[in-house]
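See below for the structure under consideration.
The values are calculated or read from the model by the stated rules, or taken from the named source; none is laboratory data. Small disclaimer: the values here were computed from a predicted structure and weren't measured. Cβ placement follows ideal geometry from the backbone for every residue including glycine, while neighbour counts extend to all protein chains displayed. Quick note on the areas: whole protein, heavy atoms, side chains included, nothing else; ligands and nucleic acids left out. Shrake-Rupley method; radii C 1.70, N 1.55, O 1.52, S 1.80 Å.
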Amino acid sequence: MSDKAERLREARRKAGYRFASDAANALGVIASTYRAHENGQNDFELAEAKIYGRRFNVDPYWLLEGDRRTGNSAAPVEPVGVYKPNGTSVTPIVGQGKKIPVFGQAVGGVDGEFLMNGNVLYEVMAPPILSDISGAYAVSVSGDSMYPRYEDGEVCFVDPKRPVRRGDYVIAQIRLEENGALLAYVKKFVRHNTAELVLEQFNPPKELRFDANTVHSVHYIALAGNA
């Protein structure tokens, strides 16, 4: 487990959340995504650290690097003045949320691709990390071409504004024929230049290469799970 993951676990426990799933519910994020950050399976960056820091009452920079400003491992801030509520809410409180569309098909192609034809399967509430992102959307994974990272039917939440880097997971929209339909691929990003887009697939292991002029968009997958 990484030091970042250890600090996140420590902050969660000090904030009073016994289980990771309890913290995920309080944060409004998918439990499997949070657990992957806490056990070190997946890395998390400043945007996620700020969300965790607000909920756990710690400095997000401490979560990321111990303490970027002083260079030491400063302890998290202890929460103060927190008492159990002494009242009961009779009427459910409904907060203002943002719904985003989920695109996809029940059955994908050989490499898990599906037609990106605007067909909305259903709508889901946007996770906090995407609540302020214009144009955010989600896709339903088809097949097992990216197993074990993504399973068939799992939902990937997409941030179309964030630049992608090597090693990121993305959804790429490809138009293989002029005036043809857009095909969507959920894969691992390798590179994109003026000649080609290269994506990595896990099952079976291989690289997918697309001529640059067939690429419509490449968008960053912020998180995934069961919606």
Original post:
Out of all the residues in segment 144-182, which are among the polar types (S, T, N, Q) and surrounded by 12 or more Cβ atoms within 10 Å (Cβ to Cβ)?
Top reply: Ser145, Gln173
Subject >> Count - residues of segment 171-221 that are touching a residue at least 60 places away in the same chain (Cβ under 8 Å) and either part of a loop (DSSP other than H, G, I, E, B) or assigned by the TED database to the domain that holds Val29 (or both) >> reply: 2
Original post:
Quick one: what pairs do we get from segment 22-42, first residue under 10 Å from Ala5 (Cβ atoms), second open to solvent by 30 Å² or more (accessible area, probe 1.4 Å) and in a loop (DSSP other than H, G, I, E, B), C-beta under 7 Å, 6+ apart or different chains?
Top reply: Ala36/Asn42; Asn39/Met1; Gly40/Met1; Gly40/Ser2
**OP:** Within segment 121-131, count every residue that is at pLDDT 90 or above and in a loop (DSSP other than H, G, I, E, B).
**Re:** 2
Subject >> Residue match in segment 41-49 (condition: modelled with pLDDT of 85 or more and farther than 21 Å from Ser131 by Cβ) >> reply: yes
Original post:
Given the conditions (1) over 18 Å from the mean Cα position of the chain (by Cα); (2) surrounded by 12 or more Cβ atoms within 10 Å (Cβ to Cβ); (3) over 26 Å from Leu27 (Cβ atoms), and given that Gly118 satisfies all but one, which numbered condition is not satisfied?
Top reply: (2)
Original post:
Within segment 22-61, restricting attention to residues that are polar (S, T, N, Q) and under 25 Å from Asp168 (Cα atoms), which residue is surrounded by the fewest Cβ atoms within 10 Å (Cβ to Cβ)?
Top reply: Gln41
